[in-house]
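In what follows, a single structure is set out as structure tokens and then discussed.
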Amino acid sequence: MNKMLIPPQFNQLHVPDFAFGEVEAMIKTAKAEALAINDQARAKDLWISETIIKIHQYHRRAFQHLLQKAYYKAWCEFESIENYLSELKVHFIYDKRSYHLWHIEKSLYQFQILYPYRLFVAADVIKSKKICSTCNQEVQIHQLCEHEEGEIYKGEICKRISVNKEMTNTRMMDNPRHKYNVAFFRDEEQFENADAYDYRVIEEFVKQIKDPYQAWELEVEEKTRKPEAYAHLSRNQACRCGSGKAFMHCCMPKIGEKYPQYHCILKNSREFQKKSKFL
Ligand SMILES: [Zn+2]
Ligand SMILES: [Zn+2]
């Protein structure tokens, strides 16, 4: 691990604010030096360092966006982290002591569960031409280049880049390969996508967690909407769930249904646990 170029602060309990630009520049210089003497192993270690630092940047940015209630932006950043982590895993095994990666991965999956997004747009693509990012040659099933997708060459990851894409149609689905394309309603007057999703659960969690490096756990409990709890409400009264809507347009049709209740469990270094619950 001594070949890595990651500042030791990245392994502290709470990673301090960091001059990411400086670290990136340092890695870039070291990589150029390694490539000058054709040290591929060193260049690969530097790619690993670079990717870990990028993951931290996205993680902090996503958390910042959650605090600012820019929920869709944070969602896309979580998706980017997921992609970086899956590329990284092939070349670097990490555990609970490796630069918070364990925590970052766990918290992103937990946040994804708390998001209200359930439908995504997926596109069917035909006639796509694929280019190898390492040699820039076209690759086809019977015409491969010497590079393997996902491998590190000259300190860069090898990807297959699709060009000349032609979309045939789009579909709605609940488990897409890429989660960026969230289905939004269109505001017919503004001709803009209107974000009508309810982010109250995430908002409450973020208030509790406060810091991107705070360890936390999500517990989901299955509850039933019992009629007794709503017995005192008339149809037009404000619903007890706090949505601001009238009871009959909110929880009334859902009585008897099951729903998840989310618990946020905060953990600190002494494994102190604080439990809060949110509807
Ligand atoms: Zn190639
Ligand atoms: Zn309600």
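Below are the figures for this structure:
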item	result
Within the chain, helix-based [θ] at 222 nm, where runs of 4 or more DSSP H residues each add -39,500 (n - 2.57), nearest 500	-10500 deg cm²/dmol
Of His103, His142, His65, the one that fluctuates the most in a GNM where the chain has Cα springs shorter than 10 Å	His142
Sites matching GluC sites (Glu not before Pro) across segment 111-201 that sit in DSSP coil, with at most 16 neighbouring C-beta atoms within 10 Å	Glu146, Glu148, Glu149, Glu151, Glu188, Glu189
Loop sites in segment 178-247: chymotrypsin sites (Phe, Trp or Tyr not before Pro), DSSP, at most 14 other Cβ within 10 Å	Tyr180, Phe191
Most mobile of His263, His232, His91 in a GNM of the chain (Cα contacts under 10 Å)	His232
Net charge of neighbours whose Cβ lies under 11 Å from the Cβ of Trp102, counting Lys and Arg as +1 and Asp and Glu as -1	+1
Loop-located trypsin sites (Lys or Arg not before Pro) in segment 89-197 whose Cβ has at most 12 other Cβ within 10 Å (DSSP)	Lys96, Arg97, Arg118, Lys127, Lys165, Arg177
Gaussian network model of the chain, Cα within-10 Å springs - most flexible of Asn83, Asn164, Asn268	Asn164
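Every read-out reported here was derived from the displayed coordinates using simple, explicitly stated rules and does not represent laboratory data. Everything numeric here is computed off the predicted structure, so don't read it as measured data. Cβ coordinates were reconstructed from backbone atoms using ideal geometry, including for glycine residues, and neighbour counts include every protein chain displayed.
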